[in-house]
Every structure is written in structure tokens, then in C-alpha cells.
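The values are calculated or read from the model by the stated rules, or taken from the named source; none is laboratory data. Predicted model only: the values in this text are computed from it and were never measured. Here the Cβ positions follow ideal geometry from the backbone for every residue, glycine too, while neighbour counts run over all protein chains shown.
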Amino acid sequence: MRQINLLPERLKKQEEWRIVRNSFLLTVGLSVAFVLLVHFGLNFCVKNLEDIATKPLALKETDEISQLKDKIDAVETKMKELVMANKEIIEVFAKNSSLSYLLKVIGNATADKVWLTDLSFHYDKKICQMKGLSFNTRLISEFMLELKALAYFENVTLVSMEKSREGSRETAFIIRCLLR
């Protein structure tokens, strides 16, 4: 079927412009409605998130959490006790940072079966004294040679060496050396 438009040319153009204008207005109206819908939807979500964020969370303290708190408190107390007990050593570390390096060097010089039980530094007299144990007297001699080879010590002297207990294989020793 064929349509014939019998309207005059001027009315045809007005009808086309009316259709374009109505389409444009409908498109703009739908776009504005969509933007407003998105805006109000996002505003609602933001309000819900703000409400959730401002409410304090009510956490129940379980037995595990309270036990962990007790353990943490015990560790902190023990740490404070150790700090107080070793306050002098900590002060020396704070004053002389090379001491930590010196301890590392002594540790590296120590043989596998030689271990130190006491280490003291007397800075006034520039003396370092080491007490320790070993299963073998030869290893104590090697340890002394290692100390003599280090640039930090001079006059490495064996003060005493004796069995630590009756029937024990351990030999106790005391080594004294001067700090350079």
C-alpha cells in the first residue's frame, strides 16, 4: 500500500519539525529522569553507608580474645622486667653502637662446641671478660687464637680452666682480654 501525503509542502515541513521536536523533548525528558533516578539511588546508598559507619560496632569479647590479652600483658610485663634488669647493658648499647658489632664478632669467633655463659665489659679499665663452657680444651685454645687474631682485642689471657662439675664432660673457662 502506498501513502500519499496531500498536505501542502509548508505543512509537511511543520509536521516533520514537530515530530523532531517531540522526539528531542522525549529524549531530554527520559535522560533527566534517568539522571535523577541514579542520583537519588546513590544518595540513598550513601546515607545507608553513613549510618553504618557512625554506629559503633558491638564486638563481643570471647574467651580466646581475653586469653590472648592476658598473654600479651604477661609478655609486656616480662619485657619490662628484662629491660629493667638489663638497664646497664642497654645504656651501654645506646652509648656505644660498636658494642653490638663487637658482640657479633665474638659470636663469629666462637667455635661450635664452645659457648659463653657470661660476658662483661669494663670500659674504665678497657677489659673484656668471658666465661664459658666447652666439651674440649683444644676448642678453648682455638677460640683464644681467634680472639687474638681480631683487631679489637690484645693480651688475650686464660684466667682459669677446670671441669665444671664432678663427672661432667664440660670444661669451664674464664678468658680476659684488653680492648684496643
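Could you tell me how many of the residues in segment 169-180 are more than 39 Å from the chain's Cα centre (by Cα) and assigned to a loop (DSSP other than H, G, I, E, B)?
Matching residues across segment 169-180 total 2.
Here are Glu88, Glu76: which of them is part of a helix (DSSP H, G or I), modelled with pLDDT under 85, exposed (fewer than 10 other Cβ atoms within 10 Å of the Cβ) and charged (D, E, K, R)? Show your work before the answer.
Details: Glu76 fails: exposed (fewer than 10 other Cβ atoms within 10 Å of the Cβ).
None of the other options fit; the residue is Glu88.
From (1) more than 18 Å from Trp115 (Cα to Cα); (2) touching a strand residue (DSSP E or B) at 6+ places or on another chain (Cβ under 8 Å); (3) exposed (fewer than 13 other Cβ atoms within 10 Å of the Cβ), pick out the condition that doesn't hold for Val159.
In the conditions (1) more than 18 Å from Trp115 (Cα to Cα); (2) touching a strand residue (DSSP E or B) at 6+ places or on another chain (Cβ under 8 Å); (3) exposed (fewer than 13 other Cβ atoms within 10 Å of the Cβ), Val159 misses (1) alone.
Quick one: Lys104 ticks every box in (1) basic (Lys, Arg); (2) within 26 Å of the chain's Cα centre (by Cα); (3) farther than 21 Å from Leu178 by Cα; (4) at pLDDT 75 or above except a single one, so which number is it?
All conditions are met except number (3).
Grab the strands (runs of 3 or more DSSP E) fully contained in segment 113-168, keeping just those with 1 or more residues being over 40 Å from the mean Cα position of the chain (by Cα).
Working: elements: 114-122, 127-134, 153-163.
Output list reads 153-163.
State all residues of segment 3-18 that are aliphatic (A, V, I, L, M) and surrounded by 10 or more Cβ atoms within 10 Å (Cβ to Cβ); if no residue qualifies, say none.
Across segment 3-18, the qualifying residues are Leu7, Leu11.
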